[in-house]
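Encoded as structure tokens, the structure appears first; notes follow it.
The values are calculated or read from the model by the stated rules, or taken from the named source; none is laboratory data. None of these values were measured; they are calculated from a predicted model. Ideal geometry is used to build each Cβ from the backbone, glycine not excepted, and the neighbour counts take in all protein chains shown. When the accessible area is computed, the model is the full protein with side chains, heavy atoms only, and any ligands, DNA or RNA have been set aside. Shrake-Rupley method; radii C 1.70, N 1.55, O 1.52, S 1.80 Å.
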Amino acid sequence: MTDVVIQHLITEQKVRIKCKELVKKIAIYKNRLAIQLPEKILIYELYSDDSSDMHYQVKEKILRKYDCNLLVVCTDHIILCQEKRLQCLTFTGVKEREWQMESLIRYIKVIGGPSAREGLLVGLKNGQILKIFVDNLFAIVLLKQATAVRCLDMSASRNKLAVVDENDMCLVYDVHTKELLFQEPNANSVAWNTQCEDMLCFSGGGYLNIKASTFPVHQQRLQGFVVGYNGSKIFCLHLFAMTAVEVPQSAPMYQYLDRKLFKEAYQIACLGVTDADWRELAMEALEGLEFETAKKAFARVQDLRYLELISSIEERKKRGETNQDVFLADVFSYQGKFHEAAKLYRRCGHENLALDMYTDLCMFDYAKDFLGSGDPKETKMLITKQADWARNINEPKAAVEMYISAGEHIKAIEISGDRGWIDMLIDIARKLDKAERESLLLCAHYFKKLDNPGYAAETYLKIGDLKSLVQLHVDTQRWEEAFALGEKHPEFKDDIYVPYAQWLAENDRFEEAQKAFHKAGRQREAVQVLEQLTHNAVVESRFNDAAYYYWMLSMQCLDIAQADPVQKDAMLAKFHHYQHLAELYHGYHAIHRYTEEPFSFHLPETLFNISRFLLHSLTKDTPLGISKVNTLFTLAKQSKALGAYKLARHAYDRLQGLQSPARFQKSIELGSLTIRSKPFHDSEELVPLCYRCSTNNPLLNNLGNVCVNCRQPFVFSASSYEVLHLVEFYLEEGITDEEAVALIDLEAPRHKRESKWQEVTSPNSQSLRLDEAMDPMGGEDPFTAKLSFEQGGSEFVPVVVNRTVLRSMSRRDVLIKRWPPPLQWQYFRSLLPDASITMCPSCFQMFHSEDYELLVLQHTCCPYCRRRIDDPGP
């Protein structure tokens, strides 16, 4: 009874003020608090202007006793009510004004206003309602009703007045027209919503009643008196407790929605409704084409999909679209009301939009109802989209059939190909016209991918794409078909043989690959393959193969020199170099086998001749893989065995100065010692004879493989490496190869010949010559006369013959190396016609006929160039 408790209705903070005297009356207004005690009135104010501040301090004290029925406080005044009289006092106790009423005052309420000019709402027992301003002496009569006033409140805009009379009736008037708007029973207190003009609540009979505008009342159970209504909160005083009740505004909002009052419904929703209510408001406003309200409502629930729809409609309206039915149909389609949307589209003449909608929804049966009058484009579009849908829902078979009926062959082919449906692809490919090249090419691609090259070839032939057909044969390694096609169309030769060569090389068929490159005209690649093959053969000690590859390389260089005049000189130099290397490796193959393998496959004489040949040939740089140690070791062993002791001693002396393998060391040292016990000369049977000048040449020749007397190069057998009885001769200037061959083929009459030794004496030497050209009748062979040379000369003088000499020759005595251009033919004359010599027509290597026949029988090919005996070509 002596304390005052102030409660903040929003924050629910409370503060207690201890007065220590009996509290008779209290009044509160904004930041002012008035407390009437028995002998004084205390005026309090808040410390700050913060609305949530609850700290009060004493502002003024009126030390005087007042008798009053009601007490009201304003910003600078207090109002005392005594029966029919109202007094306005300042905070210092000075009475400024006084109003005398006609009847007893039953209710007073401060309704706000400027400071020191606030307005009061006064209700009298006689039913009169007045408005009084504290700075105005005259009261304003608002209206007069028949019953006494119990409670009053004015709406936020001061346009409506709610009155509760002594009959518990709530009456609402229009302030300006004095018209009774509506009345509701069972009311003991009333309060307008401070945030919404048309909403009020009143309590009575244990119920809380909420009324929006003129709509029916919404009730819920609640004990107490309503003292305030702010937003969605209603403040009630029950006994000694003040409570704030959160009241959902859904009911009044739906009342407005039922009347299509979307803006008013939005205002109610702003007071506090659920997300579902916001969405309902948004949908109703959208269907009512109230886009501004709908946009605000959708923004509340963050529904971007509908916001985009509204934005697009607004853009279309700006562009001049005014058909509301189209907009509404769009709304229905977004809401899932597709049939209603379709009806609206049809009504406003936009059947194409209905068709698009049903098509996008894959509702193709409905979409067919909106097709134009047999428009083939629209029908094709619909079938295509239906096929797309079937494809997406994993119904590929149906999709393919639809695509084919719509003419979308590429999509049908893609599905069939990805699924591996060969039969479907074949059917499509055979039905397509050859003009539909892209579709047929795609079919061929899938045939290749699905390993059906036959159908791919059929498809390529249908469109006449020979290049792709060639590529197909190459990719599938169907070389026979590719070669057959290449014969008919030489322009594809390069496209066939180059991949074929690469395939051969990848399958370790390098020799065939080289030939394929050569056939394709890819000389550079052919040479590269051969060079790699040769290097590998040398590294792997396959010297026989290395010799063969070097010979092939030389012939390749000769082909390039023949085809490209710019590279002629360089290629000819390489040709001679590779020919020389081929001869070296061919001979060294036997040496390597002799030193590395436990058994020898060659006669001692053959090994002796080969090692001599190599020793005289390796005067400068030694090629990769050829070992001088092996060569000298073989020469030393075979020379000692055959009686060439002088040569053997020389070989052992040379070996002493070289780094020999450990396995040879003992044998070399022993041989070096034992050779000292042998005579210091060579067996005369081993001494080579020059068939031009009949000079016996030393076994160790500083000049190399030429005669020490006439400088004539020796011609060796490619198998036994013996010196062959051949002398190379050259044609006199002006004689062509064809003429020379014609003259040789004349077969002039021959005389019987007799072998006879003839002594030849010169200042520097004396020798015996086996002269078969001596005729017992005194005639001499013209060729024999040409063999003469100037004794003691250091330069080689070749044998040059004229037409007479050529005419005197027999065809079987002459061997011709018929080199292709730009090389000259080489001519050799056999001086022992009875000893047969065979020359390979491919590599032009010379052999004793018996040796050649034996080797060909063993290997079925030339031992040097590997030309097969059944190969008709040279």
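Please report the net charge: other residues with Cβ closer than 15 Å to the Cβ of residue 236, K and R +1, D and E -1.
On the way: positive: 221, 233; negative: 12, 153, 246.
Overall, the nearby charge balance is -1.
Go ahead and collect, in residue order, the members of the stretch 554-595 whose backbone nitrogen is under 17 Å from a label point 7 Å along the Cα-Cβ direction of residue 663.
Backbone N within reach: 589-595.
Quick one: putting +1 on the C-beta of Lys and Arg, -1 on the C-beta of Asp and Glu, what dipole do you get for the stretch 807-847 around its Cα centre, in Debye to the nearest 20? Provide the component values of the computation, followed by the final result.
Details: 6 positive and 2 negative charges, 34 e Å.
So the magnitude is around 160 debye.
For the stretch 1-102, what value does the Rg/Rh ratio take when both radii are computed over Cα atoms and Rh is the Kirkwood radius, given to two decimals? Write out the running numbers ahead of the final one.
Working: Rg = 13.9 Å, Rh = 14.2 Å.
That ratio is 0.98, to two decimals.
Let me cross-check residue 289: its accessible surface, 1.4 Å probe, with only protein heavy atoms counted, in Å² to the nearest 10?
Here the accessible area works out near 40 Å².
Which value in nm describes the separation of the simple spin-label points at residue 825 and residue 677, placed 7 Å from the Cα toward the beta carbon?
For the pair residue 825/residue 677, the computed spacing is 5.8 nm.
For residue 70, what residues show an amide H to amide H distance below 5 Å, using hydrogens built from the backbone and excluding near sequence neighbours?
Here the answer is 81, since their amide H atoms fall under 5 Å of that of residue 70.
Rounding to the nearest 20 debye, state how big the charge dipole of the stretch 1-71 is about its Cα centre with +1 on each Lys and Arg Cβ and -1 on each Asp and Glu Cβ.
Numbers: 13 positive and 10 negative charges, 71 e Å.
So the dipole magnitude of the stretch 1-71 works out to roughly 340 debye.
Under 15 Å from the Cβ of residue 604, count the other residues' Cβ atoms, weight Lys and Arg +1, Asp and Glu -1, and hand me the total.
Numbers: positive: 593, 612, 637, 640; negative: 605, 682, 685, 722.
Neighbourhood net charge equals 0.
Any chance you could run the full-extension gain for residue 656 through residue 736? It's 0.36 nm times the residue separation minus the Cα-Cα distance, nm to one decimal. Working shown, then result.
On the way: separation 80, 0.36 × 80 = 28.80 nm, distance 5.30 nm.
Gain on stretching residue 656 to residue 736: 23.5 nm.
Carbon and sulfur together cover what percent of the accessible area of the stretch 1-102 at a 1.4 Å probe radius?
Details: 2630 of 5720 Å².
Taking all protein chains in place, the stretch 1-102 shows 46 percent carbon and sulfur surface.
How large is the convex hull of the C-alpha atoms of the stretch 100-148 per residue, in Å³?
Numbers: hull volume 3.2 nm³, N = 49.
Roughly 65 Å³ of hull volume per residue.
Counting pairs of alpha carbon atoms under 8 Å apart in space and at least six apart in sequence, what relative contact order in percent does the stretch 1-102 give? Don't skip to the answer; put the middle values down first.
Details: 216 pairs, mean separation 17.7, N = 102.
Relative contact order for the stretch 1-102 comes out at 17 percent.
Please sort 837-843, 597-603 by packing, taking for each peptide the average over its residues of neighbouring beta carbons within 10 angstrom, highest first. Could you put the intermediate results ahead of the total?
Numbers: 837-843: 19.0, 597-603: 10.6.
The most tightly packed comes first, giving 837-843, 597-603.
So what's the gap between the Cα centers of the stretch 803-874 and the stretch 686-726, to the nearest angstrom?
If you average the Cα positions of each part, the centres end up 19 Å apart.
Can you list the residues, at least 5 places off or on another chain, whose amide H is less than 5 Å from the amide H of residue 714, using H built in the peptide plane?
When sequence neighbours closer than 5 places are left aside, the close amide H contacts are 706, 707.
Where the centre of each part is set by its Cα atoms, how far does the stretch 1-26 sit from the stretch 612-671, in angstrom?
Here the two parts' Cα centres lie 132 Å apart.
Would you report the distance distribution of C-alpha pairs in the stretch 632-745 as whole percents per 5 angstrom bin, up to the bin with the largest distance?
2, 10, 16, 15, 14, 14, 9, 5, 4, 4, 3, 3, 0
Answer with one residue from 188, 88, 56: the one whose Cα lies farthest towards the positive end of the charge dipole of the stretch 39-197, charges on Cβ with Lys, Arg +1 and Asp, Glu -1.
88
Taking the Cβ of residue 642 as the center, what net charge do the other residues with Cβ under 10 Å away carry, scoring Lys and Arg +1 and Asp and Glu -1? Walk me through the numbers on the way to the answer.
Details: positive: 637, 640; negative: 605, 682, 685.
Net of charged neighbours comes to -1.
Which log10 I(q)/I(0) values does the stretch 200-265 give at q = 0.18, 0.25 Å⁻¹ under the Debye formula, counting every alpha carbon as one identical point scatterer?
The calculated log intensity ratios at q = 0.18, 0.25 Å⁻¹ are -0.65, -1.07.
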